[in-house]
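Just so you know, all these numbers are worked out from the coordinates, no wet-lab data involved. Just so it is clear, the model here is predicted, and its values are computed rather than measured. Here the Cβ positions follow ideal geometry from the backbone for every residue, glycine too, while neighbour counts run over all protein chains shown.
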Amino acid sequence: MEAIPIAVFWTIAVWTIFRQKQALMYLFFAAMPFGSFAAVPTELTGGLTLTPAPIVAILLIVRQLGSVRGLSYALDTALKSSGLLLLFLFWVAAGIVTLFMPRFFAGAVDIVPVRAGALSDTATLVPTTQNISQFVYISISVFTVFSISRMLRAPSMRRHALAALCLGAAMTVLTGGLDLASQYLPLQPMLELFRTASYALLTDVEVLTSKRVVGLMPEASAFGGLALTFLASLYFFRRAMPSGRLRNRVVPVLMGLLLLLVWLSTSSAAYLGLGLFGAAAAAEWFWRLVAAGRNPLLQRGLVGEFWLGATAMCALILIVIAVPHVFNPMREMFDVMVLQKSTTDSFEERSMWTRVSLHALFATHGLGVGLGGTRASNFAVALASNAGVLGAAFYALFVLQTLLVRRAPQGDAEGHALLSAVRWSYLPPFFTSLMIGTTPDFGLFNAFLYGIAVAIARKGAQGAINDAWRHRPARLAIERSARGSH
């Protein structure tokens, strides 16, 4: 029976290859909620789980970079400081560390193995197949950034990307809804067909007699994080969408359902992420009010959002005053999953992962143990301990460049709105990853954010160059005239 969903996925994947290139972008987002589904039988990969999303990313990479023009673009972008030089240096540094450090420090450093089944124990560092698999995942993420930055240079492709983002959110809602409904309907056998990954799957955990919604992800925290990521992205990217049914009707409905699913995931990290999302939304509203300039895409909706937020706040206060016991179940869930989290075995285990990985970083004098060398429960610690301080520094500088330095062309209102959405939507999932991020792979969703930012900024840089060449004859004539007058 497992062969049926695999055959269906590959049929769709092959079909999209022969369609227009935006078809792969739609499949790219639609595949993200299937994080527990091995699209290639693990017997054929030596235990390595390849889920649909990285496979689609590989197809996207081949489609965009698998030609002479594509390779030329990748090389040109990789060697430009205004392009993806910092990300390329991160990839090179991580590869060198992964090649040498597990052998150089073998038997001398304690780590938490990345392989499933050993998450409560420490071991000594040795080269493993996890080094290869994690380097493969990182490579896919890195070159997906290259591919998307080339693919989304045209405004029409960016609009397809925003529609594809909505499709991914809808698939997240669908898979979460099916998992929720499986408590009442005989859907479990169907869902099990998509839970074939070789790593540990926690799909039947209950909290306060309520099943944690996991969708088709490995565990509730992964599903809650994915739903939060789509929620934040839809909220901020909605401003760059053209007016129509998708923006005005579909997106608000998807956001409401995603908010509900984040809560039903009962993930403490997702709950804290919701608070960060609320803070980011409030800060972004004030930023648009004060500093967004005359961009009509960023200015629209300010008054309506204010009154909507004020009305919701007043209604919430009135409900708390009139019927305070209504929120008792929510208060109890928040108390158990957030306030009492530090007393749980899960918290102790994850804290141990981070502590051991941090010690491994110090024990290697900042060089790192290689990708896949150790597991942490904090993305920053996982990144530094696996890729080394140098690799982590290159990545951090690249993120800062993407969020703070890149600019859209002057007069490109849509580009400015998209870059604003990249910056604000990046924050809640990033801070959440500092609590649950186990590997140094920044993931395919971040690859999309980085890629679209580079595509917009590169267009601006290219436009400036074109303008300079276009006006070069006039400048030369002025200079000759000035020399003649002297």
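Some notes on this structure:
- Projected onto their three principal axes, the Cα atoms of the stretch 344-385 cover extents of 33, 16, 14 Å, largest first.
- Across the stretch 393-409, rounded Karplus estimates of 3J(HN,Hα) from the backbone phi angles (6.51 cos²θ - 1.76 cosθ + 1.60, θ = phi - 60°) give 5, 4, 5, 4, 5, 5, 4, 4, 4, 5, 7, 10, 9, 5, 10, 7, x Hz, Gly and Pro being marked x.
- When the convex hull of its Cα atoms is projected in every direction, mean area for the stretch 237-325 (nm²): 7.2 nm²
- Cα-based shape type of the stretch 1-111, given that a ≥ b ≥ c are square roots of the gyration tensor eigenvalues and the cut on a/c is 1.5: oblate
- Calculated diffusion of the chain, Stokes-Einstein form, Kirkwood radius summed over Cα pairs, 10 °C and 1.306 mPa s, µm²/s: 66 µm²/s
- Note on residue 48 and residue 8: with the Förster distance fixed at 22 Å, the Cβ-Cβ geometry gives a FRET efficiency of about 0.55.
- For 166, 314, order by how many other beta-carbon atoms lie within 10 Å, fewest first: 314, 166
- Remark: the stretch 96-107, residue by residue, has Karplus-estimated 3J(HN,Hα) of 5, 4, 5, 6, 9, 5, x, 8, 5, 9, 4, x Hz, where x stands for each Gly or Pro and the curve is 6.51 cos²θ - 1.76 cosθ + 1.60 at θ = phi - 60°.
- Calculated from backbone phi, Karplus (6.51, -1.76, 1.60) coupling profile of the stretch 74-89 in Hz, x at Gly/Pro: 4, 5, 4, 5, 5, 9, 9, 5, 7, x, 10, 4, 4, 5, 5, 5
- Rg and Dmax of the stretch 129-210, Cα atoms only, in Å: 18.2, 50
- Sorted ascending by nearby beta carbons within 10 Å, beginning with the fewest, 412, 179 become 412, 179.
- Extended-chain gain in nm, criterion 0.36 nm per residue less alpha-carbon gap, residue 17 and residue 290: 93.8 nm
- Note on 190, 101: ascending count of other Cβ atoms within 10 Å places them as 190, 101, the fewest first.
- If R0 is 45 Å, the Cβ-Cβ spacing of residue 413 and residue 260 corresponds to a FRET efficiency of close to 0.85.
- Tensor-based shape of the stretch 90-181 (alpha-carbon gyration tensor, a/c under 1.5 rounded, otherwise prolate or oblate): oblate
- Nearest-20 debye value, the chain charge dipole, Cβ charges on Lys, Arg, Asp, Glu: 2520 debye
- Unit charges at the beta carbon, dipole of the chain: most positive-side option, 107, 235, 437: 235
- With Cα atoms as the point set, the stretch 115-165 shows a radius of gyration and Dmax of 18.2, 52 Å.
- Along the chain, counting only chymotrypsin sites (Phe, Trp or Tyr not before Pro) with a DSSP assignment other than H, G, I, E or B and at most 12 other Cβ atoms inside a 10 Å radius, the longest segment between sites is 185-486.
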